[in-house]
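Notes to accompany the following structure.
The values are calculated or read from the model by the stated rules, or taken from the named source; none is laboratory data. Everything quoted here is computed from the prediction, not taken from an experiment. Note: ideal-geometry Cβ built from the backbone for every residue, glycine included; neighbour counts use all protein chains shown.
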Amino acid sequence: MMRDLGVQFGLLLVGMTALSGAAIAASNADGAVIRNGTIGYVLTDYHWAVYQTQDSKAECPTGMNDGPREQFKILFPDDGKKRTLLETQLARESAVWHPDVSPEPYPFKEATGKYAVGLNLDGKVGPNDFSSPDGAVKGIDNQLYRAIGCITAYRGPDGAVHYFGNKFAQQYHYDRVLLELTNVDSLTNDSDVTVTTYRGLDGLLTDATGNGFMPGGTERADHRWGKQFITRFKGKIVDGVLTADGSDVHMPASSTFEDVSVQWIRDARFQLKLNQDGAEGVVAGYVDVETFYRQLVQAWSTHHQSYGQLSSPSLYKALRKLADAYPDQQGHNTAISGAMDMKFVQVFIQHPPAETAAKDAETPARAARH
């Protein structure tokens, strides 16, 4: 009898200990990765946000745009007329590097329809705005989607820019984007957090297959050559969703042969679902047209653009036409509303010692290849 009671009491103690341990683990779930009120994330996947239906009829009812090769045949048909290299290939390549807004002899197909991915950037619901695919968000500003939505290269999963742009961003260390949250009390609800972006210096931590990315790695923040990529935002976390806005952000963006370039998003906004292993959501804002275009032509030759029916001179005209913010002195808009789909995994961000950071502060900010 006493033995049975002892066994039952022992089992009770084991159960209470297990429950207590589970409760402690649950209460410290955030604390496992939040150190001194800080948690870091590294970008693993990003794409310019393009809403797609299965058959593309809703957004591209007349089909996809032609690429450089198809346009070349229209401009210079096989009609027996003799044409020089200067009049043909070199003229077209010159149009890539020195684009203008003059009319073309073929139509450019803009994405249409009611839906797009992104955020309401101006707080209004206008005639050119979209709704979210689930209808919950009205007034989404994403004119960049109109420009790229019917270009095969930007559509997933196999479009050249969609697939290889992301693959190169994972591969090249120059493209490493870090997101650090400080003054964090909880990843569920926190009314006041600071969000800082950095460029990282290290590779991504992969699983055994080499394809998946694991949380828990370490990334060194570049305080010397990556000054232009350091930006701070004020934000908050509500029901596990981080929102932050109020600053321009520069992103390192090399591709193909690791040609160093940058993306510039003005008045950027973050909306990311957080947990202790990662984050996922959108970063939206007004994309600087000239910076976007220069990144494209520096990173993707006309040959590579042809694989995705991407004609950069035609896209430039569309970007200038659809640009909807930041007018210049002549009243021409210089930025276009847009959004990126992004995924991050949790990392521990390592900053240089204070004395090193102070010395680096004396170095002029510029981007460098690593």
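Worth a mention:
- Residue that is surrounded by the fewest Cβ atoms within 10 Å (Cβ to Cβ) [pool: residues in region 230-241 that are of a type in the set (Val, Ile, Thr) and outside any loop (DSSP other than H, G, I, E, B)]: Val238
- Only residues that are assigned to a loop (DSSP other than H, G, I, E, B), aliphatic (A, V, I, L, M) and either more than 17 Å from Gln276 (Cα to Cα) or modelled with pLDDT under 95 (or both) were counted across region 206-229, and they come to 1.
- Among the candidates Gly118, Gly159, Gly203, residue that is farther than 29 Å from Gly246 by Cα and in contact with a Gly (Cβ under 8 Å, 6 or more places away or on another chain): Gly159
- Residue count for region 88-112, restricted to those that are closer than 23 Å to Val289 by Cα and out of contact with any helix residue (DSSP H, G or I) (no Cβ under 7 Å at 6 or more places or on another chain): 9
- Scoring Leu181 on the criteria (1) in a loop (DSSP other than H, G, I, E, B); (2) in contact (Cβ under 8 Å) with a residue 60 or more places away in the chain leaves a single failure, condition (1).
- Among the residues making up region 194-225, a single one is over 21 Å from the mean Cα position of the chain (by Cα) and aliphatic (A, V, I, L, M): Ala208.
- Boolean, Asn65 is part of a loop (DSSP other than H, G, I, E, B) and in contact with a Gly (Cβ under 7 Å, 6 or more places away or on another chain): no
- Residue satisfying condition, being modelled with pLDDT under 95 and outside any strand (DSSP E or B), within set Tyr174, Tyr145: Tyr174
- Scanning region 242-258 for residues that are at pLDDT below 90, assigned to a loop (DSSP other than H, G, I, E, B) and not hydroxyl-bearing (Ser, Thr, Tyr) returns Phe257, Glu258.
- With respect to (1) assigned to a helix (DSSP H, G or I); (2) surrounded by fewer than 17 Cβ atoms within 10 Å (Cβ to Cβ); (3) in contact with a strand residue (DSSP E or B) (Cβ under 9 Å, 6 or more places away or on another chain), the lone exception for Gly135 is condition (1).
- Looking at region 259-356, the helices (runs of 4 or more DSSP H) lying wholly inside it that each contain 1 or more residues that are at pLDDT below 95, under 21 Å from the mean Cα position of the chain (by Cα) and aliphatic (A, V, I, L, M) sit at 289-299.
- For the residues Thr188, Thr196, the requirement of being surrounded by fewer than 23 Cβ atoms within 10 Å (Cβ to Cβ), in a strand (DSSP E or B) and of a type in the set (S, T, N, Q) singles out Thr196.
One line per residue, one yes/no per condition, for (1) outside any loop (DSSP other than H, G, I, E, B); (2) hydrophobic (A, V, I, L, M, F, W, C); (3) surrounded by fewer than 11 Cβ atoms within 10 Å (Cβ to Cβ):
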{"residue": "Thr53", "(1), (2), (3)": "no, no, no"}
{"residue": "Ala58", "(1), (2), (3)": "no, yes, no"}
{"residue": "Pro61", "(1), (2), (3)": "no, no, no"}
{"residue": "Arg69", "(1), (2), (3)": "yes, no, no"}
{"residue": "Phe72", "(1), (2), (3)": "yes, yes, no"}
{"residue": "Asp78", "(1), (2), (3)": "no, no, yes"}
{"residue": "Leu85", "(1), (2), (3)": "no, yes, yes"}
{"residue": "Val96", "(1), (2), (3)": "yes, yes, no"}
{"residue": "Asp100", "(1), (2), (3)": "no, no, yes"}
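- Residues located in region 110-121, provided they are surrounded by 15 or more Cβ atoms within 10 Å (Cβ to Cβ) and assigned to a loop (DSSP other than H, G, I, E, B): Glu110, Ala111, Gly113, Ala116, Val117, Gly118, Leu119, Asn120, Leu121
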